[in-house]
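The values are calculated or read from the model by the stated rules, or taken from the named source; none is laboratory data. Quick caveat: nothing in here was measured; it's all calculated off a predicted structure. Glycine gets a Cβ as well: all are built from the backbone with ideal geometry, and neighbour counts include every protein chain shown.
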Amino acid sequence: MDPDDIAYKKSVRNMAIVLASIVITIFAAIFIPPYLNPAHDVFQASVSAVSPYGFTMYLTINSTSVEPTGGILVSGWVNSTSSSVENVTGSDTWGVSQSSRLMGRGCTNGWPIGVGVMEGHYTQDNLTQGSLIPIIVPYHCPVEPAAPSYYLFEAHSSKALVDIGGTPYIWTIQTTLEFNGSTSEYQVQPGVYTAVLADEWGDVLTTNFVVS
């Protein structure tokens, strides 16, 4: 066979291999779920976002990397951005599905924020594709009173005056979850996870950590 023909066929074969590799890479980037093909972001231990309802949301984790036998402390809270008392009407428009799996405050009906964890790399843009990991609640609650109809936030504070059945209470709107193999019904596997903070007004905040 002519040497030029051999070289040409070899070149065509190599080009076909390169094109096939490109197609496979594009397919994987589009169709493989984020928990199998996580974005290579620099994970942040602390994030915040301003809500249109007059407060700022804060979400922190105590580490962005943990061993499978370890645990992550997830904390969330809100803080009024107003220089005067801010009256926020209660709602029930949670920005995540399975909001009952969020950890709020034990035995407190109407707690307006909650934190949770999803397996996989998610953001506010694709959070609906994920599922919150069930958390074991180590207590049994009695019948709870009605939820507050309003939250009267102190200026630049996480404290809010609420009314429960005609009785006033001061709530500090913050919550913490210690996520590990003993606090969930889920066996923690290596991979990327998403910490979630959501409130009853539809605001959602996320950050990520890796188990390795």
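A few remarks follow.
- Filtered residues of the stretch 99-144 (kept if more than 12 Å from the chain's Cα centre (by Cα), small (Gly, Ala, Ser) and part of a loop (DSSP other than H, G, I, E, B)): Gly104, Gly106, Gly110
- The number of residues in the stretch 161-205 being loosely packed, with under 14 Cβ neighbours inside 10 Å, at pLDDT 90 or above and part of a loop (DSSP other than H, G, I, E, B) comes to 1.
- Scanning the stretch 122-165 for residues that are aromatic (Phe, Trp, Tyr) and out of contact with any Phe, Trp or Tyr (no Cβ under 8 Å at 6 or more places or on another chain) yields Tyr122, Tyr139, Tyr150.
- Restricting attention to the stretch 144-199, the residues being among the aromatic types (Phe, Trp, Tyr) and under 20 Å from Leu127 (Cβ atoms) number 3.
- Qualifying positions in the stretch 59-98 - part of a loop (DSSP other than H, G, I, E, B), of a type in the set (A, V, I, L, M) and under 12 Å from the mean Cα position of the chain (by Cα): Val96
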